[in-house]
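Have a look at the structure below, then the notes.
The values are calculated or read from the model by the stated rules, or taken from the named source; none is laboratory data. Keep in mind it's a predicted model, so treat the numbers as computed, not measured. With ideal geometry, Cβ positions are generated from the backbone for all residues, glycine too; neighbour counts draw on all protein chains shown. Accessible surface is based on the protein model in full, side chains and every heavy atom, while ligands, DNA and RNA are left aside. Shrake-Rupley method; radii C 1.70, N 1.55, O 1.52, S 1.80 Å.
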Amino acid sequence: MENITVKKYTLKRIETKSVYKVKYEEELNNEQLKAVKKKEGAILVIAGAGSGKTKTLTYRVARLIEDGVNPKNILLLTFTKKAAQEMLSRAALVLDSRCEEVAGGTFHAFANIILRKYSGLLELRNNFTITDRTDSEDIINHIRSNVINKQTKRFPKKNTIADIYSKSINKNIPSKEIIASEYSQFEQCTDKINEIITKYNEYKRENSVLDYDDLLLYLRTLLESNDEVRKKLSNQYKYIMVDEYQDTNTIQAQIIKLLASEHNNVMAVGDDSQSIYSFRGANFKNILDFPKTFENTEIIKLEQNYRSSQNILKLANEVLIKAKEKYAKKLYSQIESEVKPALISASDMKTESEFIVQRVLELTEDENIPLNEICVLARSARMTYNLEIELAKKGIPYKKFGGMKFMETSHIKDIISYLRVILNPSDIISYNRILLLLEGIGSQSANRLLPILTSGENTKDLPVRNPKDIIKLTDMLENARKDILNPVKIVRQVLNYYEPILQNKYDDYMKRQKDLEHFLNLSEKYGNLEDFLSDLALEPPDTSVTDVEEGIKKDEYLTLSTIHSAKGLEWKAVFIIGAVDGRFPSIYSFNTSDELDEELRLMYVAITRAKTHLAITYPIDMYDYSSNMVLSKPSRFLDGIGQDILERWVIEE
């Protein structure tokens, strides 16, 4: 047989230029890239704190469009209009102006657009009116006045009824259960409250009025009741993205399921460990159950943090281990710092506040950290009251977010008005306020009484039908003036007098009583009433910024915030104050594991706001009036964490 020579061939790779304008591989880490490149199917992106979730959403919008998807077939749902605008603007900078054609906005804004278009199918006029919260309360108040007997004393006011109704809708729980669990003092009024709610809904229907909750309810009804519309909308929005999915309520999750019914192309981005808004109706189970709700879900975890040092993240991970229900993740960072988080105990709240003020000054003066890069976080707004006074004394400018400032709350304004009249009987403004707190006294009656009361004339013949309440008030004021050098005794007298007024004026008077108890504690530090009122007045009630320290720019301030209000923000140095067990976690969360878990997530959110400096402080003599206990132990969420991760210090005076 003849020898045959076989020619050998080799393959040479043909290098082609990327068809993509955006260099995704260079701009994103591996997990971000995986999320951005996946086009079809259900995707759950668990985005740990500071892991670049906004960047991931932004680049996915660009990638879809580069893959040939029509921008009008993409729906981006967020919780604020600003967030949607920011993402689409950034996507346009990454790619081009086509990104701004994407349908983006809040759930409520999207619902409004769809309902205007299909209003006839729901027996709505397309020019329906959307009421804001104030309008809704006014409608409820009108109905309320016709339903209840005028002699009824303990019945919820319009804002409380509006709260009950809204919570019932957002949590998908009957109003009867909301009343029983959160407003038990009104359980005997349940039937009347439900009657008002029924008439409120009838009024809206008859007058083609929708409130914010109705927008979601009607959209869900439209999608559930009309297959043709559901299919049309699902095929129009072929690619759905939802930001902050852990904050969705039950109705919003149902709407997403219906909108995705024809294609299952949903990307939900969120962090189960930052689910802290159950009081607004957010359902933590939505993000946990996402893989059950949407078939063949791919879960992608973003764990690289671009905000905090590795030392901060070690603590955050240790806290997160204690959560009972969660997606397991471990945050890490390439940011190194020698500074470790610290747990610091103080003898009392005043020492705690003075120490924080001292450290703020050290950080700004010795370490050149601007005030704008420092934040003090608290579980609740009232926990910063002592600190506010100390900051004002030192002339450190600050802004407070989340909850009103101490002197801005109406019940504290009431008490201060009594004290001002005790100190200065000619204070007409304060006198007018406390007169209007009395039943049967209106503006006209007060105007007739003021000249008499401020002049010190005889109060036996007063120009009112029932002078007994006026005489009782003036007697209390006169008795209190005898103890002008004993502010705590004066405050006790005023509080005893004011308590029946408080209970009659506010449905949530039990919560407000805690503020008054705290006010009493503050008065104990002073030797006369004038000094006490002067210190409180150093931070004017009509502003949250004090700028009295020479050389500090007017736009530079320390941030005081509740943790809820700080979510999504970051600072170089963070203080978490009042981290005593019973306050953080709250003693009210001890009843159920779900509530305790949410408190733990709140601690995780607080810790991950810090970039490099983190101090967690707690007083060891905090008295809790609701349980009659002295709270002295640090938060249970910090138990068992070693010194190598969390240093422990005590403030020595």
Proximal aspartates and glutamates to LYS232, defined as alpha-carbon separation beneath 15 angstrom and excluding residues fewer than eight positions away on the same chain: GLU224, GLU262
Listed residues SER234, GLN358, SER136: farthest to the positive end of the dipole of the chain (Cβ charges): SER234
Region 1-126 - charge dipole about Cα centre, Lys and Arg +1 at Cβ, Asp and Glu -1, debye rounded to 20: 20 debye
Reachable lysines, given that their alpha-carbon falls under 20 Å from the alpha-carbon of LYS21 and they are not under 8 places away in the same chain: LYS34, LYS37, LYS38, LYS39, LYS55
Candidate residues GLU556, GLU338: accessible-area rank, largest first, probe 1.4 Å: GLU338, GLU556
Under-5 Å amide H pairs with LEU210, H placed in peptide plane, nonlocal only: THR129, ILE130, THR131
Theoretical gain in end-to-end length, ILE428 to THR80 [0.36 nm per residue, Cα-Cα removed]: 120.9 nm
Distance violations [Cα-Cα > 32 Å] among LYS176/LYS204; LYS23/LYS324; LYS117/LYS400; LYS171/LYS413; LYS301/LYS611: LYS23/LYS324; LYS117/LYS400; LYS171/LYS413
Debye log10 I(q)/I(0) for the chain, one point scatterer per Cα, at q = 0.06, 0.09 Å⁻¹: -0.43, -0.92
Total charge dipole magnitude, region 67-143, about the Cα centre, Cβ charges on Lys, Arg, Asp, Glu only, Debye to nearest 20: 160 debye
Fraction of alpha-carbon pairs over 22 Å apart in region 319-428 - percent: 55 percent
Shape call, region 218-268: gyration tensor on alpha carbons, a/c limit 1.5: oblate
For peptides 572-581, 74-83, sequence by mean Cβ density within 10 Å, most packed first: 572-581, 74-83
Contour minus Cα-Cα distance for LEU93 and ASN504 (0.36 nm per residue): 142.3 nm
Formal net charge of residues neighbouring THR221 (Cβ-Cβ distance under 12 Å; K, R +1; D, E -1): -1
Amide hydrogen neighbours beyond the local backbone of ARG307, cut-off 5 Å, H modeled: none
Two-decimal Rg/Rh across region 222-346, once Rg and the Kirkwood Rh are taken from alpha-carbon atoms: 1.10
For region 127-217: rounded, prolate or oblate by the Cα gyration tensor [a/c cutoff 1.5]: oblate
Kirkwood-type radius of region 67-171, with distances r between different C-alpha atoms, in Å: 17.3 Å
Size of charge dipole - region 560-645 - debye, nearest 20, with Cβ of Lys, Arg +1 and Asp, Glu -1, no other charges: 400 debye
Candidate aspartates and glutamates for bridging to LYS505, where Cα separation is under 15 Å - those fewer than 8 sequence places away on the same chain excluded: ASP414, GLU439
Spacing of the two label points (7 Å from each Cα toward its C-beta) at ILE173 and ASP531, in nm: 4.8 nm
Long-range amide H partners of TYR398 with built H, under 5 Å: THR546, LEU558
Residue (of LEU387, PRO370, GLY402) at the positive-pole extreme of region 361-404, dipole from beta-carbon charges: GLY402
Alpha-carbon Rg/Rh ratio, for region 6-67, with Rh computed the Kirkwood way: 1.21
Which listed pairs, of LYS314/LYS567; LYS285/LYS633; LYS329/LYS633, have C-alpha distances above 27 Å, in listed order: LYS285/LYS633; LYS329/LYS633
Nearest-10 value in Å² for the accessible area of ILE321, using the 1.4 Å probe: 110 Å²
